[in-house]
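First the structure, in the form of structure tokens, and then the observations on it.
The values are calculated or read from the model by the stated rules, or taken from the named source; none is laboratory data. Note that the structure is a prediction, hence the values are computed from the model and not measured. When we count neighbours, we look across all protein chains shown, and the Cβ atoms used for this are built from the backbone with ideal geometry, even at glycine. Side chains are part of the model used for accessible areas, which takes the heavy atoms of the whole protein and leaves out ligands, DNA and RNA. Shrake-Rupley method; radii C 1.70, N 1.55, O 1.52, S 1.80 Å.
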Amino acid sequence: MKSVRNIYKIGKGPSSSHTMGPAFAAQSFLEQNASADKINVILYGSLAKTGKGHGTDRAVKDILSDKIGEIIFDTETQSLPHPNTIDFIAYKNGKEIARERYLSIGGGEIERFGEEKHKKTEVYTEKTFTEIAEICKSRNIRLSDYVFEHEDPDFKAFLGEVWHTMCQSIKTGLVNRGVLPGGLEVERKAQYLFSQRHIDESPQTRENRIVCSYAFAVSEQNADCGVIVTAPTCGSCGVVPAVLKYMQEKNGFSDDEIIRALAAAGLVGNIVATNASVSGAECGCQAEVGTACSMAATALAELFGMGIDQIEYAAEVAMEHHLGLTCDPVCGLVQIPCIERNAVAAMRAINALSLANFLSGSRKISFDLIVETMYQTGKDLSRHYRETSEGGLAKLYKHKK
């Protein structure tokens, strides 16, 4: 597996696969073809069908600048190596000098089509939770210890920056008000949730309200093209920071303990990205919010010092009960149902933690099995429910312009 750094990317929203990935691909192609005087871009699959709502064309234009030529939204081509496929064609003096195909595979990760993956980029020999758990048990170490042993010396500092950015996204999102861009007239709700205490509020109601307000804050920042951290994607960026921020405030966990939790969560996200997918265009929202919920549940279990079997159970429960979750963003925007979905998943992660505290000894399903199941389920989903905005809410919701 690659570094956990690939799971946490700091950047601007609203979409890791539709905004960050194409921007990274455009930068890569531009660096290789600096002499070109014009570069055409062809977007396929989900990039073509929801690219305008996600701002794919804007992201590519920002990188290619004055070299940008045509941007073509090809919604017809079906035979693609990945639902998020993009072609770049470079011209000089009217003649084609280079052509390259990239795949935006989720979480801001890109692959150059046809390029062999080099094993030297791999940081972890083990690729499954079972393999990693066996090592941790035999050596009596925690998941976070395993991660720190494999990553570079600056990795803890990197996670410190990740945590700082997550907290800043919450802080900014709780202050900002108004309507999100894109035409749906979605109002920001994080500040309202955070400040409107229920007249007869129980501790459980307060927990729900605060956690959800934090998830809304980050997700609304993402929808407004603000700076967030993929965890594992932009569309699911609110889940992990919401639960960790709340638990730190409630229980007084140190930033060092939070960094350990982020390391364990990132490892679980890495397992999913390696053996399945974190791309909504490939496997539906179960791959994005489902994985984020597993990461959040893992982070909490690590934070509370649970055993490896309890951690696995928390991660498995979190993913299992997102199976089949469709990706149907209204108007191709990362707003409806995406923002609320982050809040619901954050609370579900806390529920998974509670179940793991009692029931891990009786579990029947491994995390690796649920990851494989999620991947197969995603492949079986109709393309209408894989970030094309052709089914579900995206099809049935009628926006009054």
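If r is the Cβ-Cβ distance from D200 to T373 and R0 is 56 Å, what FRET efficiency results, to the nearest 0.05? All intermediate terms of the calculation are to be shown ahead of the outcome.
Working: r = 42 Å, r/R0 = 0.74.
Calculated transfer efficiency: 0.85.
Distance between the C-alpha centers of region 126-160 and region 1-55? Whole Å please.
30 Å
Across region 149-292, how many lysine pairs, 8 or more positions apart or on different chains, have C-alpha atoms separated by under 19 Å? Please give the number.
Details: K156/K245; K171/K189; K171/K245; K171/K250; K189/K245.
Within region 149-292, the lysine pair count is 5.
Using only the Cα atoms, what convex hull volume per residue in Å³ does region 78-216 have?
281 Å³
So how do 281-287, 186-192, 326-332, 238-244 stack up, highest first, on mean other-Cβ count within 10 Å? Each step should come with its number before you reach the end.
Values: 281-287: 29.4, 186-192: 18.0, 326-332: 23.7, 238-244: 32.9.
Those peptides, ordered most packed to least, come out 238-244, 281-287, 326-332, 186-192.
For region 90-167, go through all pairs of different Cα atoms, get the mean of 1/r, take its inverse, and jot down that Kirkwood value in Å. Intermediate results must be reported in sequence, preceding the final value.
Working: mean 1/r = 0.0603 Å⁻¹.
In region 90-167 this quantity evaluates to 16.6 Å.
Using a 1.4 Å probe and ignoring any ligands, DNA or RNA, find the accessible area of C225 and quote it in Å² to the nearest 10.
Near enough 50 Å² of accessible area.
What FRET efficiency do you get for N93 and I135 if R0 is 45 Å and r is their Cβ-Cβ distance, rounded to the nearest 0.05? Before the final figure, lay out each step's value.
On the way: r = 57 Å, r/R0 = 1.27.
According to the calculation, E is roughly 0.20.
Take the Cβ-Cβ distance between K250 and V344 as r, set R0 to 25 Å, and report the resulting FRET efficiency rounded to the nearest 0.05.
Details: r = 20 Å, r/R0 = 0.79.
Calculated transfer efficiency: 0.80.
Accessible area per residue, 1.4 Å probe, Å², for region 214-367: what's the number?
26 Å²
Give the peptides 38-44, 392-398, 78-84 in descending order of average Cβ contacts within 10 Å, highest first. Intermediate values should be presented prior to the final figure.
Working: 38-44: 21.7, 392-398: 14.3, 78-84: 17.4.
With the highest mean Cβ count within 10 Å placed first, the list reads 38-44, 78-84, 392-398.
Which label marks the calculated value of Rg and Dmax of the Cα atoms in Å, given the options [x] 55.7, 184; [y] 19.3, 56; [z] 20.6, 72?
After the calculation, the listed value that fits is [z].
Kindly provide the helix-only [θ] at 222 nm of the chain, computed as the sum of -39,500 (n - 2.57) over DSSP H runs of four or more divided by all residues, to the nearest 500 deg cm²/dmol? Before the final figure, lay out the partial values.
On the way: 16 runs with 203 residues, N = 401.
Result for the chain, helices only: -16000 deg cm²/dmol.
Quick one: divide the alpha-carbon radius of gyration of region 17-92 by 2.2 N^0.38 Å and tell me what you get.
Details: Rg = 11.5 Å, N = 76, 2.2 N^0.38 = 11.4 Å.
Working it through for region 17-92, the quotient is 1.01.
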